[in-house]
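Remarks on the structure that follows.
What follows draws every value from the coordinates through simple rules; no lab data is involved. Since we're looking at a predicted model, the values are computed, not measured. In this analysis, Cβ positions are derived from the backbone assuming ideal geometry, glycine residues included, and neighbour counts consider all displayed protein chains.
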Amino acid sequence: MVRIRHPKSGQALLSIVLSAAVLLLLAACRQPKTNKMFDPRQVAFGVQYDPLFDNQLYPSLILATNQTSIERRTENGKSATGSPLPATGSSFAVSLTAPADNSVLRIVVDSSMLNYVTIIQEILPRRGETYTFTPSLKWKYDILRRLRQPGTVDLTFTCYINDEEVDIKNLRLAYRSVNECPLSLLYEGHASDFRWLFAAYVNEDHPYIAQILSDILAQGNVSRLSGYQNGAQAVRDQVFAVWYYVLDRGIAYSSITCTSNPSPRANVQHIRFFDEVYDTRQANCVDACVFFASILRKIGLKPVIFVEPCHAYLGYYTDKNRKNIALLETTITSWVNFPELERSLDEQGRLPEAQFEKVRKYLSDNDVQRYEEGRLDFAQLKRAVARSLFDKATEYDRETYTANRAHFADTASITYQQLDIELLRKQVQPVN
């Protein structure tokens, strides 16, 4: 039997307490030190999203410029960013002060719904020196292309010095629909121009175009699509063939420029993609310009989008050396609707009087007489109407173009712009 003895005095109890305290102190001394080598306050790690964008992230801008660097133009015509950040193509800037000579910096941007894990590593040569870097995130481009609704994304930046975690910064940004195109953004009294981004919605590689070109040839308005190989008249004939196709498709005018963008400093516009114009048969002036320009680019022609206050219209060079340019008011395609007319034909293939009156004004007196006498069938009527509207579309913007030609030639102007798609393609890629 083991007998347990209890202390008979307070002195024995005190001895036990002191012994326990010594043991705890020794155990504490054996624990590893937790003090960090670098003080976050000394490093002063900071992350900034370009204030020009007012906390809005534009997928269209990321996709369009992912292969290049774009300098922004301000209203005074000088190259500038409109913000403290350099024009490097990155919208993020990280800054910190080196806590030691030749310290190794590693910044890790966590994965999010819009980006993969991104790691930036640099050497900081001099202690006490402040360094700024503009990292380019590894975006999930396929997801950016599919964003049709705005939302919110959280980005986490972690700073390591010599493999020691020093600080963490979080950014919460509002991402926009990929259809949302910034036109101009205001920051500290300067408007930065982004209308060149219209070129990003021109997509000469869209898979729909192959079938469209086949359909254009089947309509018989041209026997070949040869670009500039056969002279200026052949160029105009090819553009007319595209024009006729769009009329026959029945693309109507429909403006949906407004967006839910909350920034009071942002002038933005919703632009439809090529397949959206094709499928919905709707377009406004910009939508129609990029739709036409996509097809013209595919057949080897050189389209230009002329941008004026509250309007845009198309131009195209009639020669490969860019000496002569023709105009085209693309919204005129909505003046008639060939599919609607065709649905109204009677058993003899004739238009009811009310429907014929919609196109009578686009026909010559001779064509009207031939139609009334039954010598002009519906297919011939469509071609006559299409040709008349094509001629009107060619001259519609001539006066305003002539009046503003000097403004278009002024590279400092952001109100009037001549967007040569072929030249811009060197820097601006299709977004969809």
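Fully extending the segment from residue 37 to residue 254, taken as 0.36 nm per residue of separation minus the present Cα-Cα distance, adds 71.8 nm. The distance between label points at residue 208 and residue 95 comes to 4.7 nm (points 7 Å beyond Cα on the Cα→Cβ vector). Membrane-span-like helices in the chain, defined here as complete DSSP H runs extending at least 15 Å along the helix axis by their C-alpha atoms with mean Kyte-Doolittle hydropathy no lower than -1.0, are 10-30, 208-219, 232-249, 285-298, 378-396; this is a sequence and geometry rule, not a statement about a membrane. Between residue 281 and residue 226, the simple spin-label model (points 7 angstrom out along Cα→Cβ) gives 3.4 nm. Can you give the % of DSSP beta bridges in the stretch 203-337 that are antiparallel, to the nearest 5? Percentage antiparallel, nearest 5: 85.
The stretch 269-296 and the stretch 392-430 have Cα centres spaced 18 Å apart. Expressed per residue, the C-alpha convex hull volume of the stretch 301-390 stands at 132 Å³.
Pairwise inverse Cα distances across the stretch 192-424, averaged and inverted, put the Kirkwood hydrodynamic radius at 18.8 Å.
What is the calculated FRET efficiency for residue 402 to residue 143, with r their C-beta to C-beta distance and R₀ = 56 Å, to the nearest 0.05?
Details: r = 45 Å, r/R0 = 0.81.
It comes to 0.80.
The aspartates and glutamates within cross-link reach of residue 392, meaning a Cα-to-Cα straight distance under 13 Å and a gap of 8 or more places when in the same chain, are 329. Modelled label positions at residue 364 and residue 219, each set 7 Å beyond Cα in the direction of Cβ, lie 2.1 nm from each other.
Normalised by the number of residues in the chain, the mean separation of alpha-carbon contacts (under 8 Å, six or more apart) gives a relative contact order of 16 percent.
Tell me, what is the FRET efficiency for residue 122 and residue 154 to the nearest 0.05, using R0 = 25 angstrom and their Cβ-Cβ distance as r? Write down the numbers at each step before the final one.
On the way: r = 24 Å, r/R0 = 0.98.
Here the calculated transfer efficiency is 0.55.
Given a 10 angstrom Cα cut-off, can you work out which residue in 277, 104, 290 is the most mobile in a GNM of the chain? Maximum among the listed residues: 104. Computing mean projected area of the Cα convex hull in nm² for the structure here picks out one of (i) 38.7; (ii) 36.0; (iii) 21.7, namely (i).
Given the pairs 138/426; 138/298; 140/320; 298/320, which are separated by over 26 angstrom at their Cα positions? Write out the running numbers ahead of the final one.
On the way: 138/426 22 Å; 138/298 30 Å; 140/320 37 Å; 298/320 14 Å.
Those over the limit are 138/298; 140/320.
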